[in-house]
Every structure is written in structure tokens, then in C-alpha cells.
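Following: one structure in C-alpha cells, then a few remarks.
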Protein chains: 2
Amino acid sequence: MAVGQSHFPDMPPLEGVCLGTAMAGIKKAGRRDLVVIELPEGARVAGVFTRNAFCAAPVTVAREHLERCQAQGTAPRYLLINTGNANAGTGQTGLRDARQSCAELARLASVTEEAVLPFSTGVIGEPLPMSALLAGLPDALHNRASDDAAWKSAGEGILTTDTRPKGASVSVEIGSQQVTINGIAKGSGMIKPDMATMLGFVVTDAAIEQTLLERLLRETVDRSFNCITVDSDTSTNDACMLVATGRGASVSSEDEVAVFRNALQRVMTELAQAIIRDGEGATKFVTLQVNEAKNREEALAVAFTVAHSPLVKTALYASDANWGRILAAVGRAPVDEFDVERVVIDLDDVRLVENGGRAQGYSEEAGSAVMARDELTIRINLGRGEENATVWTSDLSHDYVSINADYRS
Amino acid sequence: MAVGQSHFPDMPPLEGVCLGTAMAGIKKAGRRDLVVIELPEGARVAGVFTRNAFCAAPVTVAREHLERCQAQGTAPRYLLINTGNANAGTGQTGLRDARQSCAELARLASVTEEAVLPFSTGVIGEPLPMSALLAGLPDALHNRASDDAAWKSAGEGILTTDTRPKGASVSVEIGSQQVTINGIAKGSGMIKPDMATMLGFVVTDAAIEQTLLERLLRETVDRSFNCITVDSDTSTNDACMLVATGRGASVSSEDEVAVFRNALQRVMTELAQAIIRDGEGATKFVTLQVNEAKNREEALAVAFTVAHSPLVKTALYASDANWGRILAAVGRAPVDEFDVERVVIDLDDVRLVENGGRAQGYSEEAGSAVMARDELTIRINLGRGEENATVWTSDLSHDYVSINADYRS
């Protein structure tokens, strides 16, 4: 299941950026499961990674290689992604396998080992099937291309339990030049990224200085991938990479940065929302908007408490306007000196809660009509300040349980 | 569904304690839904209540009445409990209804209004059906008794989605006298109590000074009801009351307190575990034991992070030894400077994780054999210190979703 229409957008080619895929048999026969993304020389690359203490081997190696490149004044040339196996919880063997994958691609492409950044997603705790992976590399390299179809194939080649590929593309004028940002992402379960996402790869042709690139990545991820949750589980493999090839317009003045940041935020948010729309077993796309909080942390805490409540999520699945569960979740959020009399809760345009109880004039029919929608907003006004936060989530359905009870079998 | 055998224990009568029930039609016709517990004069009563900011009207009124009694040097004489309606999120109307219920019982029993403490459980946000409740009071008062059957009927009369009544009874020798502690509890969903429980009523014939009684309640609840979770949702109505009638042995010396605390902890833990065994849709009773933490807060944080993970809970439901999900949940727990190389995870007697990855000698068969058990322990050694914590939880099944998607319909 998934909410809304599937739409993989047109992706304008980015000079020097080529994407290749292979069916290496890591996930299962006849499925794209290996992706190579070639970056032009001189591209700048920024990354954010999972904060899970049990981070996967490829996360450790990608961080190391990125740092080594930066120390040398060089830049990564290849992103190597496999699905079907997370190479997580695999100890020293996992690190060796991740490094060997990079070394082999480096040999085939005649670049240094640290110019390859590895990413993996899939089942945790199984050894990476190295012979299949290594055997697939020449094929993935060979068929690389820059066109629309190559972006879509790459989008397909990184999926796990996702039901469809996720892409976003925005072009804007900066100075007199067109700047393009293309992105692909995957993710469907184990989704509550923390300073990162599931896998996201975003590439622009703009020219952006490294420190600025890193800041823009952090800022836009904080308001997109870090504001989604399917099941509150932060993965061991989350990573989001932002690449600026430098072949296009320069982004450096305040105005240029503002226009670029805005476009980048659109790409990030669209990809993050696509993950929620394709959340495991999702039948609803729900926006949680918390307003009038004392600070953003408090707003996020209330939003995530509601978004993680199994009772709210099953009520959403049942299209049951069981506002008592929303109220109970808000009431247990970690907020100091919480005056519940000031809290106002709306379901889209229907007022649900005010003055500590059910709103006057609320009718079950009006509430149920909103809950029956595929996409709806729960708006919670705390009446304590001026900060706000928006979080996106899905419901908790029978299919979520089925997918996760059967995933390995 | 529920895990293990149903067993409502024999409850020795406690002098002066009478329990009466009625089928008032608050929940549905032909179901016990109204309970009155009479306490003898001079009993001491301690209570802990939900920390949910949206606490229900009966919680507010029970607190007020308890404080007023204590200020006057008197004590509550009646506990009045209804199921079928939580009287939560009902604003001023709810407070008026809770007070009126107490006033009517007080009139019938010739006691003061503050000598009645009200408790409600059931659907949130609907007005309390006052005419049914008030009409049921004479019947509940009339049929009150002290015997075993009265305790069991009271246990049945406080249930919501529970599938069976929950009771515990322990007798110990203190000095040369037998002291008895009887308790009943309800709870099945919306279970992650915070400084309290769902509803729990525990009565002893011991004579215990008020301050000591309050401390014993807090200490034993902290290691029982506050260490269970079905779905991480803290209810608006949680309350646990401890009554000491004073008709039996005095508990005041250090030795007496130690023996009594131990017995009380057994009753509290048995009731708390009974709630988990009867957790909504539960097919497994899971003990999470976190050892070698720096402090108890850290141990609890790790235990609850694993216990709340929908991915761990669905793997438990599927009897799938998907230890990667356990490892990922441990890794995202809020622990500073977490050295994952030191973490050891066992499933009962099978070592799962060590040195940052799958344990040497672990086999899928051994793991699956443990996961197939109805009752199992996940033991997580952090290797950081000497503190520990134990938390009990259930799995996440199709039935959990069905029960909560259909609850109001």
C-alpha cells in the first residue's frame, strides 16, 4: 500500500553525473540491487549519517573516505550503493567487506579507494554477499548514463520494502543561469531518522563552497528527513549525501544562497514526504503541525509523541476521530508546566479540542469526515510561545504488522 | 489473546473491607461496570496518579478528596470505580459529574463527600452517563461483601479491553501476626504508566503510618507498574491506591518494613505482570533486563527504547530472531558515549550479540527456538557500570491493530 499517486519526475541530466545499475543477485534474482553514481572531478560532497551507536560498516567507511578526501583536498568520485543487505552488526568482517567493495570499484574505474563512498541497506546482521556484489560491479559501471532513465533505474536499485522509486527535481534561476537539483531516496520502514535519513542522494550542478554545502545539507535535512517518522526506529544505515558538481552557476552571495536553499528544501521535503507516503502499510499521509510552542524542541517533542503513539496511529488507520487518544498523547509529551486549558487541536478545518476538552460545536460526523481522508493535518496549538514544527507520519495498519512480521521469511 | 494461564488467586477477607459491584449499563448491558470498595474507619490511604497533563476529572477529584481528608485528620471510606467511560477530556462537566457521583454515594452511605474517591476508565471524551451510574449505586452498595467472590467480582467490574480479571494476594508473618495484602488491577492497552499504573487497588490489614505508606507505595510502584509497557501510551486516568486498614499487625520497625515491602513488591509486580500478560493482542510475555548500566535512568532508557520499538515487537510476534532490530534499537537509545563493542545481548540462554556484531557460535536455529517461546527474556549487558533495570512488555500483533482500530466501533 502507499498513499497518493506514484510519480517519478523528469530528471534533467547533470553534466558529469552518470548512474549505473546492475542485478547482482544480492537482494534476489531479477531485481536491481547495485547502483554506482559517478561524480565529475572537482565536485564537492557533504554527508550526514545516522546517530545510531550501532552504525553500519559502510557508514564508518563512507565517513572515513570522505574525511580522507577532504584532508587531501580531493573529492569522492563514486557513490556505491547496494540493497538487500545492510552490512550492519557485522563487526570487523563488515568493515573489511565495505573496504574491499570500494577497492574493487576503484580498481575498475581507476580512482583511489577513498574516492569511493559505500552505502548499504537491507537486512541487518548477515554478511555482505561479496562474490555477488563484486561480480555485479562491471555491469553497473558499464551501463551508466546521465539520462532520465538512468536516474529512475538508480531510484529503483536502492529500494528495500519500498513499493516505488522516489525522486524529486527542482530547477531555479540563479544569476542568469539555470541551476538544477536532482534527488533520489529510499525508505519505508525503520524510519525515524536522527540527523540523517534513510538513504538520500541529492546532486546539483551549482558551484558551492564546502562549508556552505555542509551547512545547507544540515539545515534542509533538519526540516525534512529529520521530521518524518513511520515507526520511531532509527536505522543503523541512514545517510543523506549532497553533491555540488560545480559545473553550473556559483552559489555564494546571500541572495543566491537564499534562492538555492529554498529549492534544496523543496527537493528534500518532497523526498522525505515520498518516504512517508510509501511507509510500510501506510494508508494515510498525516501532517502534524505544532504551533505556539516555547521553542522548537518542545514543538518537535509534542509532534513526535503524537506521531509515535500506536493508539493514535491505529485510530488513523480506522478513520476513527478518537480525539481522546490525540489529547492523551499531547498530555504525556515532555513539556514543563503544561497548561492544557490553552491547548487547541484541529483536524484539518474541524476544531476538536479547546478549554481542556472537546470543542463546542464539534460533531462526530465532522471529525469522521476528516479522518476518512487519505491526507490530513492534525494541528496542535500549545498557546505557550511563537515557535512551531511540522512532522509527517503514516498510520499503523494490519499491513505494517504483516510486512514486519514476514520481512525475513 | 493473552499469555499464560488465567489464575485469580484466593483472597483472604480483610476485616472491614467490603466490595460491591453492579451492572449499571455504563459499559454495556449485562457487564459489571460499577464497583464500590468500603474501607473501615481509621484506614490509611496513599495514592499515586498519572502524570499526563490532560489528567481525567476523577483523578483531579480523587487527589482533592484525599488531600482534604488528610488535612482534616480523617480518611477515605469508599473507593468508587466505573468502567466504560474515562470521564477524561470532559472539562468542567466532567469535574461536576465526578463530584456528584461522590456526593450521591456519600449520601447513601452516610459519609462525607470527601470520604469518597472516584476512579474511571474507558473511552475518553464522552460525558459520563450519570443517570445510569447514579441508578447503579444502591445495588453496588447493597451487595457488598468481604469474601473471595466479592474480590473477584470487583476485579471483573473494573476491566475494559482486558480479557480476564487480575488479582494478587500475599500473606506474611510480621511479629507473630499474619499480615495479608490483596490487590486487583486492570489494564491492557494505553499502558506505559508514569509514576502510576492503570487502575490498581491494593489493601492490607497492616497498621502503617501515613508517610511510610506513601513511600512504600512509590517505591514498589516504581519497580512494578512503572516498569511495564504495552504501547508507550500513558493514560489520562492511571491511578494506584494502597490502603492499610490498621486492623492487623503494626509495620514500623526496620525489619517489619523490610518484610512488608518485600511482600508488597510481590503483589505489585504480580499485578503489573498480569497486565502485560493480558496486553492487547499479546502473544508473548517479554522481560527486558538491562545490566551494567552507569545508572538506573540509563538502564531504563535502553529497556524502554527496545520495548517500544515496533520493529522489535513485530519480530517477537513473528517469533523471528531478528536480532539486528534489537541491536538497532539499543543503538538509538539515549546513552552518552556508547561503546557498542562492550554490549552483550542474550535471548534467554542464547548469546546473540558481542563485540559489536553477531556472537560467535550463534545459530539461527538456537535463536528461533527461544523466540518461539511464550515467555522469554532479552538480557542486554551494557558493560558500563553496575546499575540495572527490568521492564516487561508484550509483542505487536495483528490483534493489537484490530482491537485498537475497532475499539470505539
Worksheet, complete the sentence: Just one listed residue, out of A:Thr377, A:Thr314, is more than 12 Å from every other protein chain (Cβ to nearest Cβ), in contact (Cβ under 8 Å) with a residue 60 or more places away in the chain and among the polar types (S, T, N, Q), and it is A:Thr377
Discussion item. Looking at B:Pro193, B:Pro165 in this structure, which one is within 14 Å of chain A (Cβ to nearest Cβ) and either closer than 30 Å to B:Asn388 by Cα or touching a strand residue (DSSP E or B) at 6+ places or on another chain (Cβ under 9 Å) (or both)?
Written reply: B:Pro193
Discussion item. For the structure I just gave you, tell me whether B:Glu113 is under 23 Å from B:Ala185 (Cα atoms) and surrounded by fewer than 20 Cβ atoms within 10 Å (Cβ to Cβ).
Written reply: no
Item to complete: Filter region B:26-35 for residues that are of a type outside the set (Val, Ile, Thr), in contact with an Asp or Glu (Cβ under 7 Å, 6 or more places away or on another chain) and modelled with pLDDT of 90 or more and give the result.
Response: B:Arg32
Fill in: Single residue of B:Leu133, B:Leu117, B:Leu137 found to be in a strand (DSSP E or B), away from chain A (no Cβ under 14 Å), modelled with pLDDT of 95 or more and within 19 Å of B:Asn85 (Cα to Cα)
B:Leu117
Worksheet, complete the sentence: The lone condition B:Trp323 fails out of (1) under 20 Å from B:Thr220 (Cα atoms); (2) within 13 Å of chain A (Cβ to nearest Cβ); (3) not basic (Lys, Arg) is (1)
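Conditions tested, residue by residue: (1) in contact (Cβ under 8 Å) with a residue 12 or more places away in the chain; (2) open to solvent by less than 10 Å² (accessible area, probe 1.4 Å); (3) within 15 Å of B:Val267 (Cα to Cα).
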residue: B:Met190; (1), (2), (3): yes, no, no
residue: B:Ala207; (1), (2), (3): yes, no, no
residue: B:Leu212; (1), (2), (3): yes, no, no
residue: B:Arg215; (1), (2), (3): no, no, no
residue: B:Val221; (1), (2), (3): yes, yes, yes
residue: B:Asn226; (1), (2), (3): yes, no, yes
Worksheet entry | Top-ranked residue in region B:300-311 [being touching a Ser or Thr at 6+ places or on another chain (Cβ under 9 Å) and among the small types (Gly, Ala, Ser); ranked as farthest from the other protein chains (Cβ to nearest Cβ)] | B:Ala303
Practice prompt. Given the conditions (1) modelled with pLDDT under 90; (2) more than 9 Å from chain B (Cβ to nearest Cβ); (3) closer than 30 Å to B:Ala315 by Cα, report the number of the one that A:Ser394 does not fulfil.
Written response: (1)
Item to complete: Could you tell me which of the residues A:Ala272, A:Ala263, A:Ala328 is under 29 Å from B:Val330 (Cβ atoms) and more than 14 Å from chain B (Cβ to nearest Cβ)?
Response: A:Ala272
Worksheet item: In the list B:Ala274, B:Ala244, B:Ala301, B:Ala293, which residue meets the criterion of being open to solvent by 10 Å² or more (accessible area, probe 1.4 Å) and at pLDDT 90 or above?
Response: B:Ala301
Worksheet item: Going by the conditions given, is B:Ala329 in contact with a helix residue (DSSP H, G or I) (Cβ under 9 Å, 6 or more places away or on another chain), outside the structural domain of B:Asn82 (by TED's automatic domain parsing) and either open to solvent by 30 Å² or more (accessible area, probe 1.4 Å) or modelled with pLDDT of 90 or more (or both)?
Response: yes
Fill in: For A:Thr283: the one exception among (1) over 21 Å from A:Lys192 (Cα atoms); (2) open to solvent by 30 Å² or more (accessible area, probe 1.4 Å)
(1)
Fill in: Every residue from region A:340-349 that is at pLDDT below 90 and more than 8 Å from every other protein chain (Cβ to nearest Cβ)
A:Glu341
Fill in: Enumeration of residues in region B:159-187 that are of a type in the set (A, V, I, L, M) and part of a strand (DSSP E or B)
B:Ala168, B:Val170, B:Val172, B:Ile174, B:Val179, B:Ile181, B:Ile184, B:Ala185
Fill in: Residue among A:Ser252, A:Ser232 that is part of a loop (DSSP other than H, G, I, E, B), in contact with a Lys or Arg (Cβ under 6 Å, 6 or more places away or on another chain) and not charged (D, E, K, R)
A:Ser232
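Conditions tested, residue by residue: (1) outside any loop (DSSP other than H, G, I, E, B); (2) at pLDDT below 95; (3) surrounded by 16 or more Cβ atoms within 10 Å (Cβ to Cβ).
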position	(1), (2), (3)
B:Gln5	no, yes, no
B:Met11	no, yes, yes
B:Leu19	yes, no, yes
B:Ala24	no, no, yes
B:Ile37	yes, no, yes
B:Glu41	no, yes, no
B:Gly47	yes, yes, yes
B:Phe54	no, yes, yes
Fill in: Unique match (being free of Cβ contacts under 8 Å to residues at least 12 places away in the same chain and of a type outside the set (Gly, Ala, Ser)) among A:Glu15, A:Glu38, A:Glu67
A:Glu67
Worksheet item: Only one of these conditions is not met by B:Thr60: (1) surrounded by 23 or more Cβ atoms within 10 Å (Cβ to Cβ); (2) within 14 Å of chain A (Cβ to nearest Cβ). Which number is it?
Response: (1)
Discussion item. Exactly one of these conditions fails for B:Lys166: (1) under 30 Å from B:Asn262 (Cβ atoms); (2) among the basic types (Lys, Arg); (3) modelled with pLDDT of 95 or more. Give me its number.
Written reply: (3)
Discussion item. Restricting to region B:350-374, name every residue that is more than 10 Å from every other protein chain (Cβ to nearest Cβ) and within 34 Å of the chain's Cα centre (by Cα).
Written reply: B:Val350, B:Arg351, B:Ala366, B:Gly367, B:Ser368, B:Ala369, B:Val370, B:Met371, B:Ala372, B:Arg373, B:Asp374
Item to complete: Identify all residues within region B:23-45 that are closer than 16 Å to B:Ala75 by Cα and among the basic types (Lys, Arg); write none if there are none.
Response: B:Arg44
Worksheet, complete the sentence: Scanning region B:85-103 for residues that are more than 14 Å from chain A (Cβ to nearest Cβ) and open to solvent by 10 Å² or more (accessible area, probe 1.4 Å) gives B:Arg99, B:Gln100, B:Ala103
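The values are calculated or read from the model by the stated rules, or taken from the named source; none is laboratory data. Quick caveat, the model's predicted, so the values are computed rather than measured. Neighbour counts run over all protein chains shown; Cβ positions are idealised from the backbone, glycine included. Just so you know, the surface numbers come from the protein's heavy atoms only, side chains and all, with ligands and any DNA or RNA stripped out. Shrake-Rupley method; radii C 1.70, N 1.55, O 1.52, S 1.80 Å.
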